[in-house]
Amino acid sequence: MTPMSAREGVLAALNRRTPDRVPFEISYGAFTPGLMRTFRARTGSDQDPAEYFNFDVRPVRYRPVPAEGLAAYHADLPPGTELDEWGVARAPGDFQHLTRQIHPLQNVQSAAEIVRYPFPDYTQPAACAHLPAETAALHARGLAVLGELWITIFETAWAMRGMTELLTDFVLNPGLAAALLDRITEIRRWQARTLAAADIDVLCLGDDIATQRGMLVSPALWRDWLKPRLASIIAAARAVKPDLIIFYHSDGDCRAVIPDLIEIGVTVLNPVQPECMDPVALKKAYGDRLAFWGTVGTQTTMPFGTPDTIRQVVRERVRTVGAGGGLLLAPTHILQPDVPWENVLAFVDAVREDGVYT
């Protein structure tokens, strides 16, 4: 039998069919700066880790085109601060690569001020014209393509407004909250349609809506404020490409809304943190409707396990969560500098050796 291409294997696995081997990636194709330095020192390579390890997936992304006037929403920013295209200021933090966010809409008082805000314009050719050609080039290499729309609604909104302010708005100033979420959702719908038209294989959506003890916001609040907006983004993409795979990311224990995610069209759940959700139990409960991406703990297995432990976990995931397909193996977050390099190699080797379906 002719081996599947990476793209064929990913499409089979994420559509809950059995590929010839379990597809994989690490850390959404990126390492933290400290681990990236280790990668270069230990391999002697200047390649992207995705190329070096030959991951099965590659992303395409919008290029940021910040609007004019964003600086007016900030004053006296610390040295080294950068503004993203949404106007969120990211100041240097106190540890490793982490930054401190400064929220441009923290002090606004009305929906009218939201309407006047200079939101990013992704319709500009500089932001989106490259997407079809990049996707086609990756397909020509036999790779599956992810269209990334991370921090889709909720995280974008609170990064702009402030977490406390946004949650307060839901109760005390709903008109302001609706104006902000609706504008973000309108932008995301356009982006989702454009990515689908570029022929991506997987639309990657996500917001961290949970902690490791349960939902960050109540399920009822999530259903009122975020579910219908997320559903409209998925529907916009599927109107262009009906068979598009819909990936949803949330750290933490989001079990309370998994049925809702399935209802609105999500077909892949990520990252499935084993520290707070049992991947095998989720496979039993939802494996006929969901595929799973991740499942290898970055708080436990990757930093603190031995190479033998990691091989054992990979074999167990393939045997259980991967039964009948429906699994793309990956660590559950970007790998931190304390992950031993031997563990990274053990993960890659174990997937290649033990992830073959016979």
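The values are calculated or read from the model by the stated rules, or taken from the named source; none is laboratory data. Note that the coordinates shown come from a computational prediction; the quantities given were computed from them, not determined experimentally. Note that each Cβ is placed from the backbone with ideal geometry, even for glycine, and that neighbours are counted across all protein chains shown.
Quick notes
- Per-region count, region 50-78, residues closer than 24 Å to Val202 by Cα and either modelled with pLDDT of 95 or more or surrounded by fewer than 14 Cβ atoms within 10 Å (Cβ to Cβ) (or both): 15
- Selection of region 9-34 for residues being surrounded by fewer than 20 Cβ atoms within 10 Å (Cβ to Cβ) and at pLDDT below 95 yields Gly29, Ala30, Thr32, Pro33, Gly34.
- Selection within region 128-153 - of a type outside the set (S, T, N, Q), out of contact with any helix residue (DSSP H, G or I) (no Cβ under 7 Å at 6 or more places or on another chain) and over 18 Å from Glu85 (Cβ atoms): Pro132, Ala133, Glu134, Ala136, Ala137, Leu138, Ala140, Arg141, Leu146
- Test: Thr320 is of a type outside the set (A, V, I, L, M, F, W, C), within 19 Å of Pro19 (Cα to Cα) and within 19 Å of the chain's Cα centre (by Cα): no
- Exactly one residue among Ala67, Ala75 is small (Gly, Ala, Ser) and either touching a residue at least 40 places away in the same chain (Cβ under 8 Å) or under 23 Å from Asp338 (Cα atoms) (or both), and that residue is Ala67.
- Members of region 186-238 that are farther than 27 Å from Asp121 by Cα and under 15 Å from the mean Cα position of the chain (by Cα): Ala210
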